[in-house]
Structure formats: structure tokens, C-alpha cells
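The values are calculated or read from the model by the stated rules, or taken from the named source; none is laboratory data. Remember, predicted model here, so these are calculated numbers, not experimental data. Cβ coordinates were reconstructed from backbone atoms using ideal geometry, including for glycine residues, and neighbour counts include every protein chain displayed.
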Amino acid sequence: MTSLDQLKENSLEAVNALNTIEELEKVRVTLLGKNGEITAELKKLGSLPPEERKAHGQAVNQVKVSVAQALEVKKEALEEAVLNAQLQAEKVDVTLPAQALPLGKMHPVSYVIEEVEEILSRLGFSAATGPEVETDFYNFTALNIPEDHPARQDHDTFYLKNLDADGKRRLLRTQTSNVQIHTMQKFEPPMRVMSIGRVYRNDSDLTHTPQFHQVEGLALDKNLTFGHLKGVLQTFLEEYFERKITMRLRPSYFPFTEPSAEVDIECLFCKGDGCRVCSHTGWLEVLGSGMVHRNVLKSGGVNPEEWQGFAFGAGIERLAMLKYGIHDLRLFYESGISFLSHFGKPSSTMKV
Amino acid sequence: MKFSLSWLKEHLDTNLTAHELADKMVSLGIEVEGLEEEGAAFKRVVVGHIVSRVPHEDADKLGVCQVQVGESEPRQIVCGAPNARDNLTVAVALDGAVLPGDFKIKPTKIRGVKSNGMICSVRELGFGEEHNGIWEMETDAAIGTPLAEALGLDDVIFDVALTPNRGDALSVYGIARDLAAAGAGTLKSLNIEAQDQGGDVQTPSDKGLTSVTLNHEGCPFFTSQVVTGIQNGESPSWLKKRLEQAGLRPINAVADITNYMLMSYGQPMHAYDMDKLNGNIRVEAAQGGETLEGLDGNTHKLAKGDIAICDDSGVIGLAGIVGGESTSVDENTVNVFLEVAQFNRHNIAVTGQRLQCNTDARYRFERGIDPKMTLPASILADKLITEICGGEASGIDAVGTEHPEPQKITFDPCKVKTFGGLDMDSSEVQELLERLGYQVEGAGPFEVTVPSFAQGMENEADLVEEVLRLKGFDAVPIQLPPLPKVRVKGADKGRKSDRVARRGLAGLGYLECINYSFINREKAAQFAGGEALLELSNPLDAEEMSTMRPALIPSLLDAAVKNMARGEKEVRLGEVGKTYTEQTETLKAAGLLCGKADKHWQQGVAEFDVFTAKAHAMALLNALGLDAEKMQVYQNEQVGFHPGRSGQLALGKNVFATFGEVHPKLMKEYGLKGKAVLFEVNLDLCDSMAMKKGHLFMSPYQASERDFAFLVKQDVRAGDVINTLKGADKNLVRQVNLFDVYTGEGVADGYKSLALSMTLQAEDRTLTDAEINSVAEKAVTAVIKRFGAEVR
């Protein structure tokens, strides 16, 4: 065995025996560094007779390459081992609970308002708003409910101690219909508007809260009929409840519409067989509606000989209870975290 | 209003069942709230006859009976009653019957012997306690007759609700009339014969007994008569039953008859004890201040203009509302004076509402009565009184005008189509109207005469409703109107910011709650900010719900208290709603954070402070389309907030948001522990202010950073230092980041060290060191000059 072979064998053995990257670096310097053993062999070439130089040079170089390769392989293996050790050390128990981000939610009433607004918007209704603190005129008189009208008693109105700037008695609106008058006064027909918001009645029991929400639609044009009202209601109800709806209109009475109709739908829970939710009638009352009374049009400054149309209204809480299975109306206003977390909707919920 | 099927059938000849009639009523606009079958509990219980009884082979006490129940073969029923024997009439519950206590009857085997039904005891039927044996019935009813029918319990009670426009249907007769028009039967004529009309019988005034003078325009017509020599005892059982079915308490025959007439025909009437009257009757306007001991047990104080029924003793009745105690009929009454009159709905409504006196009479007058029913009702009443109580009836004195000229409406039958949406021949329109009692004349537009009983019929729309109502609203075909060509724009003030705020709050982790707009007065007053509060004159709760809230904060604090009391540890609630002062309504959004979340194994307890509230307020403002970074931050004392840990985000005078920690004093008042932070954003203001987006800055050239540390006095505001750095060169300074505030070792008392990093970048070139240094130098100089700062 030549000394070169010996060198190669020793070198490869040394590389093979390495355990750490630090050792590997040292060995690399010892062998292939400026003053390394293999480098020294190369340096010796100059002192060799020219005819030997080529062959010896090649041989040394071969040794150098194989040692360098061995070093490279070893290095990769050691690095791999280090990484594996690190990964092993870094292992955590991922079943540990992560810090929960607070999950905010919209109140079910707000969410239903959005749903209703989206549907009515697609049917051509624009949103309109109006004041909650009103005068007798906008809440009653303009809506064809004169002073001594029996319907006024049914409203359980909250009155305010403070008069308005003109010295008139004020009240909290008992219905969103006040917006009809404000809108008619400000805009010219044809129009299709909806108003949604808080209304107030002095009543509180299992099925009444002194504050609740209503949605109301108003459509005025040259030739809108009771049949169009039925069409809008049917579409609205089917879109909202996301299913086929059997609707029934019953003659009723609202001072601001003529004809007036209560709108029932076949009970969503028992399909009309009768259950607790529909008080065993098979029907659920969901809307009030009718053709706008000419006196209301006049109050709004709209000529009833030229324009006609329909209006309808519903309680938002009622719609929410029916769709989302909320059984107790009072929960809406108790601000309980468990209720809000359960029935609320995350802000990212985009259903309609 | 409640009434029985048999009562209805007295006026309506019909073959329809109670359920069919109820459906018809609903489609006519008479809401049926209840339909109670009196005998419902005895479904499948019939009258039976024990043909034979033999002892049970395997049980001493049991017998096997053959019972005839009206079927072709007798049924075999095993019965243990000691009195079960041949030839006994009994009540038999057949399979399918459900006896009181939810006891369901079905075919069974008892000790190996088939038993198909049950022979009932009195107790098993729910009639009483008797349970020593089966009920030995005494009845003329045929075998197989349903028990309910055999006992006369086969009536059905309707409970109907009528809308205020349906004065015409506030009587059994009125409902029968409407049903007849809809084809549900034939209306029977009123049972008045020629001899009932009085003929030449003397009237009270003829007899010189008493006369009536009308001195109030609210009473257009008044009839009176006297029945003498009556015996006023208990009413006959049929009459008591009718009233009880209607939910009325029987009193005495005369009083019961007046109630019965009111319920039957919708015409209120009042009976006076003739011998308690003093002189003649006057109907006149009250002076105001008079009092009346009413039959309802209350003392009523009259106001000027109320319609008063008076005799020489003074006021004896509140017309159309309630009679007086002093002249009331009782069991000793011998002579009766009967008033059947008409009173104006407006007068009755005003007086009744003021006195809060709810009577059946007022209810009907307020909704309008049929003036053509007054005289017939008067005749029928005196007929019934003499029938039941004996005595002799006088003729009828009628004063005033019985009924006004009938109303006429010009009606184009095409309106049924163009307004009602139902295509209908004019001949059918005419027929439907006539069935409802309208007279129709003319061919093109009709000339329609409104019947005396119809209320509030004024225009064509009313008649369209009548036609549709009779035809059924279901007959109108469903149509979707084309989308409008023009949309209403600009009427939706606040809608968009309302929605953004609700979603925004939820995005920030708040649970949105909705609280009542009215709150405790004291709590409201704390946030009034010098403005007059808006107060309810009739609050539901005078203590806690009397005042319209001037801020959302008290509502959220109350909600937090409630939740903490329920054991919640951390409260993160938001609300979007209006706030109120005497003359303003402002839409706001607010968020409240309080309590402590559970300790987390990794991060301990999440902390929040004034800067959390500030960050959330800014996030919401940004969501609303404003640029909160560009707003000024005011540090000023705000009601309810910690004076040193609260602030406002504003542009000049416009304050968009207030944020901070809740004042410790307020926390204590509300009973909240620990720390709470909150913010409130004025959405109406955000809506009215559009902030321009400004120039879009984009640069491919390198940005450079320079760090500074300044030593400044404690009271120097970091925001001002940041703004000063930004002001060094508005075009080149892209961003200033404050990354450390230090006090302590190495910094003198009363001073703090602020460390900031300034980013410079140009849009059109890479900045040279000279340029960067020049801006940095300018910035440092400005900070030194403005704040007396020292560079560290």
C-alpha cells in the first residue's frame, strides 16, 4: 500500500468516525485546509520529477475528491441528524387549548333586519329612515287614525313630557309607518321604500316587550293592485323562510289601508296540522298589509286620483323567532351573553 | 265576543258545521280565536243499554255484559261494578274515547275475556265523585245517542275577535247576516209581528208617566217604553246558559234581557226601575263636575259636554256607557222604564276613554250601531220582558230622527280589477254588493247606497274590499309588479353606518346586544352633558324606564352588571342604537369590555386598557370609511370616564369617538369590579363626514429608517412628538413609529425617554444620505425646540 493509499484510507476512516459538525470542520481543515495533509501532498508535486508529476497529481486529486465527497455526505447526514433532534425537541402537545379569539356576533334582530333588507332591496325597495320620537300627526293623524279612533287605544302609546320645538305633544312611535309620511313628503312617486327600526308600546308580558322592531314596505305607482301586494308578500316570505310557503290573506282592518289583510302562513312547524307554536290553528300570523288609504296619500302630499299602491309590515322579532327557533321574546332584550352567543351571527356570515 | 252555535242558528238557517262556519267567518274578516265544543270531552261516549250480565268465569267480582250501543250487535264489555245488571241504561265509552285524565279507551282482554269499551261511573266522566258503581242513567235519548247530545252538551262556542271597523258584526245577528251574504245559509227575519208594534197601546208619555227631552246633538234618537207589573226574578235557564256561554254573568231577568238583546242585535239598551225615577227624563250635556255612582261600582266624574241622562234628581246615567246605581233594576222591581237609544260614537269614545270605563255598550257605540235596529230591538226587548217577567208593556215613545239619509258612493266596478287585482264582470260586482245589503243603481259607474249597518264606508276602496272580502282574498291572482324604474335615493340616513357598525363591532369581538331606549333617570342624568333629557310621561317602570338614554354607556354598564351577576367572567358587549336629548336623536355605536377572561396556560390573563378601547374605536371609524390615523386625539375629561385615561378622536369641533377606562366612581355606583373600558362612536356624524382618500403613494425606491431617542418632560404628549416628526417633511416622512417609552434608571424624575423610528421614502428617487440626514436633523431640531427635548 502506498502512502497515498494509506492517507486516503486514514482520511476516509476519520470522516466516517465523525459525530458532530464541529469535528467535521476540524477534520476538513486537517485534511483539505491550507496546511492539510492532502493539500501537503499536492504541494509536494513541485518537487517530483516531471514525468511522475502527472500521474501522482491525478492520484492525489482523486484522494482529495473522494475525501471531499465523503465530507459532504457526512455533513448532510450530521445536519439531518441535528435537524431531526431539533424537531424532536420542538414537539408540543397540539391538543393544548389555543388562546381563543373573542368571537363577536350580531344580535339576531340585526341579522334578520339585514336579511329582510336584502330581500326587499332585490324587490326594488330602497331603505328609508325616520325619527323614533314623533308627533301625533306622523304617528296617528296622518295615518288616518284621528283622535277618538278606537285603534289609538290598541297602541298603548308612550307619551313624552317634553314638547317639541313647536310646542306639540310628542310620543315614541308605535309603528314604523311614520316613515311612510316623511318619505312621501320628501320624494315624488313612483316609489318603493322600506323602513325598519325600533318601535315602542307600553305593554310587557310573555309575548310583548315595550320595545320591538318592525319592517314596513310601501309601494306607490300608477297601477299597483292588491294582486301585486300578494305577489310581493309571497316572494318575500319564500325568500325569507327559504322554502315554499302557503299563504293566506284574511280581511282585516288597519286605518291606513283599505282593503286591509292579515297575512297568515301555513305553520312552518306542523305543516298545518296544528301544534303549540300555531296555537293549534295550523296558521301563523306574520304580516299586516293592504292598499294604502287615500287619506294617507293625501297626508303625504300624494294625489290619490293619480297614484295608488300597497303597504305591509311585520314584526322583526316574530320573523326571527319563527326562522331561528327562539321561543321567548323577552330574551331579545335581556342582553344575556349566553343568548347572544347562541343566537347571534358572526360578522362574516353572509347568507343572503 | 263569544256566542254559541245554537244562538247563531236562531238567526241563520244553515247546514254547515261549526268548523265550516268558522272558516267562512275567517275569510269574511271575522277572526275566530276559539272554537270550543262543549261535549268535546265525551267524544265516542254514547248512551248504552245492558242487555245481559253473566259472571266472569275467572273473577268473582267481574261480570261480562252484553251492551247495546246502537250498533247491529251488542258489544261485550267486562265490568266490575256491583250495580251492573240486566236492563240498565248506562254511559258507554267506546274505543277511541278519551276520558278525563287522558284515559284512552281501546279494545282489550280482561282475564282472558274480550272487552270492547267501558261502562262509566260518574267520576270516570268527570261529573262528580260518585264511584261506587256505574252511572244509572235516566234519559229519553235513544240507545247510541252521543252522551254530549243526550245531556244537551252538544253546543259549540265561538270566540271571535272583530276589528274596529266591524261594528256591523258585533252581534250574533250581524254575524249571521254576514255569513248569509257569503252563502253560508239564509238569514232569518226578525221575529216581529204586527201586533208587537204596539198599535194603539198608550206610550209612557200618553199615560203621563214620563216624557223624554233630547238636548244633546250626540243623541239623535231615543225610544222609551214602560213595562208595568212585572216579576223580576232569576232568568230562565236557556237565557242564563246563553249569557254564560257568552262569558256574561246572569243578574236578574230584566238586566239579563238587556244584555241578551245587546249581544243578539248589537243595540245597547238600559232598564231603569220606574219607581226610582224622579220626574221626566232629559238627555243633555253635563255641566262638568257631576258624579254618578255607576253600575260598575265606580264613581264617575262627568266633564262638560258628556252626554248625561238626567231626571229631576240629577244625573242617572252616562249615556251609552254605564247606568246609575240609584235607578237600577233589582229583584224587587215591579215597573221598568226601558231606554233604547242612539249615541254618537265620537262623544262616547271621548267620555269612555277619559273615564277608562269599558262596557259592552260603549264598545258598540264607539264602533257604530245600526240605526235601523233601534226600534226593532226595542220591540223585541219588551216582548221578551213580558214573556219572561209578565206585566204589561206600554207603547213606544220615539224622540228624534231614527236614521240619517243613507250614504251613497259612486263606484266604478272596474276598480275591482284596477285596484283590487281581480278581473270580475260588473254584473258579479253588483250581485256581491247586493248580497251584502248594498243597493246598486246605474250601469257605468254604479250609484251604491250603503246599508245602515255598514260602518265607515266612504269610498271606492271600501267597496273593493267588500267585494273581495265576500269573494275571498284567495281569489285574487298573485302577480309580481315590475321593478320600479326609479329608486328612491338619500332617504336612508344612517342605514349604512348602522350596518357597518354592527358588523364592525362583531368583527372586533363584541357581542351585539339591544337594550331598551329608556333607562333610569339618574343614570341618564349623569350623561346628559348639560342638555335637557327626554322623559316619558307614562313610563312602564317609573324607576328604571323613565328617561330616554342620552348615551349608550349606561345601557352597556347595566347589561354588564346583569351578566356578571349571572356568573359571566368577561363581558364584551356592543350596541348600536339611538341616543336622545330633548330635541335630538343621534345614532351611536358603543363597545364595553370588562371583567377578566379565564387564565390561559400560555398567555396568562389577557389585559386590556384605554389603548384597547382606542384601537377599537379607530378600527370602527376606519370601517366607517374615515381615516382615524389622521384624526386629532384630545385628552380631556369626559363624563363617566377616568379623567387621566380617556380621550376623544376628532377633527376640529367634530368629535367622532370617545374612548377610555370607566371612571372608578362609576364602576362603584354600578357595582362593577375591576376595570372596564369602553368607547362610543357618533355614527350620524361619521355618516355626514366624508374624508377624502388622498393621494395613493407607491414607490419602487428604497425606504430608509432613522431612529431617535428623546428625553422629554413627563407631560409632553407623545402624539405631539410624533406629529412634529411627521411635519419635518410632509412629502418624505412616510411613517413614524414610537417603539419605546422608558422611565426609570438613567432618566431623571419627571422625565421620560421616547424612542421613535422614522421612515423616509420618495416616490421618484432613492434618497441620498445627505437628504435623509437633512430631514432627520430638521426633525430633531423641531422636537428640541418645541418640547425642550434632549437627544439621548
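Of note:
- Among the residues making up the range A:63-112, those that are in contact (Cβ under 8 Å) with a residue 24 or more places away in the chain and over 22 Å from the mean Cα position of the chain (by Cα) are A:V63, A:K64, A:S66, A:V67, A:A68, A:A70, A:L71, A:K74, A:K75, A:L78, A:E79, A:V82.
- Criterion (in the same structural domain as B:L468 (by TED's automatic domain parsing) and either under 17 Å from B:G456 (Cβ atoms) or in contact with a strand residue (DSSP E or B) (Cβ under 9 Å, 6 or more places away or on another chain) (or both)) met by exactly one of B:G391, B:G420: B:G420
- In the condition set (1) within 30 Å of A:F236 (Cα to Cα); (2) charged (D, E, K, R); (3) over 32 Å from the mean Cα position of the chain (by Cα), B:R503 is compliant with all but (3).
This table checks each residue for (1) surrounded by fewer than 20 Cβ atoms within 10 Å (Cβ to Cβ); (2) acidic (D, E).
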{"site": "A:L224", "(1), (2)": "no, no"}
{"site": "A:L229", "(1), (2)": "no, no"}
{"site": "A:L233", "(1), (2)": "no, no"}
{"site": "A:E242", "(1), (2)": "yes, yes"}
{"site": "A:A261", "(1), (2)": "no, no"}
{"site": "A:D264", "(1), (2)": "no, yes"}
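- Summed over the range B:573-590, residues that are in contact with a strand residue (DSSP E or B) (Cβ under 6 Å, 6 or more places away or on another chain), within 8 Å of chain A (Cβ to nearest Cβ) and surrounded by fewer than 24 Cβ atoms within 10 Å (Cβ to Cβ) total 2.
- A:G231 being within 22 Å of A:L287 (Cβ to Cβ), more than 10 Å from chain B (Cβ to nearest Cβ) and not hydrophobic (A, V, I, L, M, F, W, C): no
- Lone unmet requirement of (1) free of Cβ contacts under 8 Å to residues at least 60 places away in the same chain; (2) of a type outside the set (K, R); (3) more than 28 Å from A:P304 (Cβ to Cβ); (4) touching a Phe, Trp or Tyr at 6+ places or on another chain (Cβ under 8 Å) for A:G167: (4)
- Residue within the range B:40-61 that is within 14 Å of chain A (Cβ to nearest Cβ), more than 27 Å from B:T145 (Cα to Cα) and of a type outside the set (F, W, Y) present: no
- The set of residues from the range A:127-140 being facing another protein chain (nearest Cβ under 10 Å) and either among the charged types (D, E, K, R) or within 22 Å of A:P304 (Cα to Cα) (or both) comprises A:A128, A:E132.
- Output for the range B:508-528, where each listed residue is buried (at least 19 other Cβ atoms within 10 Å of the Cβ), part of a loop (DSSP other than H, G, I, E, B) and more than 11 Å from chain A (Cβ to nearest Cβ): B:F527
- Failed item in (1) closer than 30 Å to B:A559 by Cα; (2) of a type in the set (D, E, K, R); (3) out of contact with any strand residue (DSSP E or B) (no Cβ under 8 Å at 6 or more places or on another chain), with B:K485 passing the rest: (1)
- Any pair with Cβ under 8 angstrom, 6 or more apart, that starts in the range B:20-43 at a residue that is of a type in the set (D, E, K, R) and ends at one that is surrounded by fewer than 17 Cβ atoms within 10 Å (Cβ to Cβ) and assigned to a strand (DSSP E or B): B:E31/B:A161; B:E33/B:D159; B:E33/B:A161; B:E36/B:D159; B:K43/B:V98
- Across the range B:655-694, the number of residues qualifying as among the aromatic types (F, W, Y), in contact (Cβ under 8 Å) with a residue 40 or more places away in the chain and out of contact with any Phe, Trp or Tyr (no Cβ under 9 Å at 6 or more places or on another chain) comes to 1.
- Once the range B:529-545 is narrowed to residues that are more than 8 Å from chain A (Cβ to nearest Cβ) and without any contact (Cβ under 8 Å) to a residue 40 or more places away in the chain, the residue that is surrounded by the most Cβ atoms within 10 Å (Cβ to Cβ) is B:E544.
- Output for the range A:141-187, where each listed residue is closer than 28 Å to A:S126 by Cβ, more than 9 Å from chain B (Cβ to nearest Cβ) and assigned to a loop (DSSP other than H, G, I, E, B): A:N144, A:I145, A:H155, A:R173, A:T174, A:Q175, A:T176, A:S177
- Residue count for the range B:433-458, restricted to those that are within 14 Å of chain A (Cβ to nearest Cβ), at pLDDT 95 or above and touching a strand residue (DSSP E or B) at 6+ places or on another chain (Cβ under 9 Å): 0
- For the range A:106-126, filtered to residues that are over 20 Å from A:L220 (Cβ atoms) and either in contact with a Pro (Cβ under 8 Å, 6 or more places away or on another chain) or of a type in the set (S, T, Y) (or both), the residue that is surrounded by the fewest Cβ atoms within 10 Å (Cβ to Cβ) is A:S110.
- For the range A:188-228, the tally of residues that are at the interface with chain B (Cβ under 7 Å from one of its Cβ atoms) and touching a helix residue (DSSP H, G or I) at 6+ places or on another chain (Cβ under 6 Å) stands at 1.
- Figure legend. Inter-residue proximity from the range B:351-369: first residues under 15 Å from B:G218 (Cα atoms) and within 9 Å of chain A (Cβ to nearest Cβ), second residues among the polar types (S, T, N, Q) and buried (at least 23 other Cβ atoms within 10 Å of the Cβ), beta-carbon distance below 9 Å, spacing 6+ or different chains. Indicated pairs: B:R367/B:N165.
- Residue match in the range B:366-375 (condition: over 30 Å from B:A475 (Cα atoms), part of a helix (DSSP H, G or I), at pLDDT 95 or above and of a type in the set (S, T, Y)): yes
- Residue in the range A:214-222 that is over 26 Å from A:L172 (Cα atoms) and either surrounded by fewer than 20 Cβ atoms within 10 Å (Cβ to Cβ) or at pLDDT below 95 (or both) present: yes
- Filter pass, A:A100 being under 30 Å from A:K345 (Cα atoms) and assigned to a strand (DSSP E or B): no
- Residues in the range A:142-191 that are polar (S, T, N, Q) and within 19 Å of A:L224 (Cβ to Cβ): A:N144, A:S177, A:Q180, A:T183.
- Number of positions in the range B:652-673 that are assigned to a strand (DSSP E or B) and either outside the structural domain of B:A613 (by TED's automatic domain parsing) or at positive phi (or both): 1
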